[in-house]
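Read the figures in this text as sums done on the coordinates, not as results from a lab. Please read all numbers here as calculations on a predicted model, not as lab measurements. For neighbour counting, all protein chains shown are included, and Cβ atoms are generated from backbone atoms with ideal geometry for every residue, glycine included.
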Amino acid sequence: MSAPDMTSYRLLHQGLREDATRLHAALRAFRADDDADARSVVSSWYAFAGELRAHHETEEAIVFPQLVELVPIVVPHIECIQRDHRRLEELTNESSSVMAALRHSASAADAATAADLVGALSELLEHVLDLEDEDVLPLLGRHMSRAEYAAMELAATNYARCHGGRAIGSHVEL
């Protein structure tokens with residue numbers, strides 16, 4: 001059985017990392033009272049948040065159940081990742097509330113609060129994606145054929161697109 005090509009999965013993870021880092025940097029460099037800057041960073045935030053949510057929903061609906069079916073012993077590890085996904089969702093919701101305020105205020109205080117939240121989200125996201133890259137993807141590679149992985153990837157892509165995800169690539173245009 002030849003190993004599946006997981007390049008697109010790894011690229012998506014890399015894109016999420018880069019987008020979170022760019023958002024954090026943009027918020028830290030935010031120019032107070034600059035409405036155009038506020039609109040730009042908030043728009044980029046919502047694109048990123050939608051992609052992050054769709055990615056995690058897809059993993060939980062498509063990827064993780066298939067992995068558990070193939071390797072039942074992985075359940076505790078997947079449950080840990082799912083707890084981290086829930087914490088990421090909490091940070092995403094908190095950040096979205098602050099971003100809504102930032103969009104209207106363009107204030108340095110709202111930008112600083114948003115930067116703190118996005119920084120915390122970025123750190124946790126890095127941890128979660130490292131776990132997935134180091135543990136989940138290798139297990140998928142060992143226990144799925146190319147054809148099985150390709151079928152799962154197609155199902156995951158279709159699911160993500162129906163739930164707000166997009167194709168691989170940056171969603172942050174700062």
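Comparing 41, 63, 75 in a Gaussian network model of the chain, where Cα atoms under 10 Å apart are tied by springs, the biggest mean-square fluctuation is seen for 75.
In region 1-107, what trypsin sites (Lys or Arg not before Pro) fall in a loop by DSSP, with at most 14 other Cβ atoms inside 10 Å?
Details: sites: 10, 17, 22, 28, 31, 39, 53, 83, 86, 87, 103; in loops: 31.
Sparse-neighbourhood loop trypsin sites (Lys or Arg not before Pro): 31.
For region 33-114, the equivalent ellipsoid derived from the Cα gyration tensor has semi-axes of 35, 12, 6 Å, listed largest first.
If you put +1 on each Lys and Arg Cβ and -1 on each Asp and Glu Cβ, how big is the dipole of region 64-174 around its Cα centre, in Debye rounded to 20? Display every interim value, and only then the final one.
Numbers: 8 positive and 18 negative charges, 85 e Å.
That gives region 64-174 a dipole magnitude of about 400 debye.
About its Cα centre, the dipole of region 1-156 is roughly 180 debye, where the only charges are +1 on Lys and Arg Cβ and -1 on Asp and Glu Cβ. For the options 96, 44, 145, a Gaussian network treatment of the chain with springs between C-alpha atoms closer than 10 Å singles out 145 as fluctuating the most.
Dividing the radius of gyration of the alpha carbons in region 7-162 by their Kirkwood radius gives 1.04 for Rg/Rh. Per-residue extension of 0.36 nm, minus the Cα-Cα distance of residue 61 and residue 123, leaves a gain of 19.9 nm for this segment. From the alpha carbon centroid of region 83-114 to that of region 6-60 is 12 Å.
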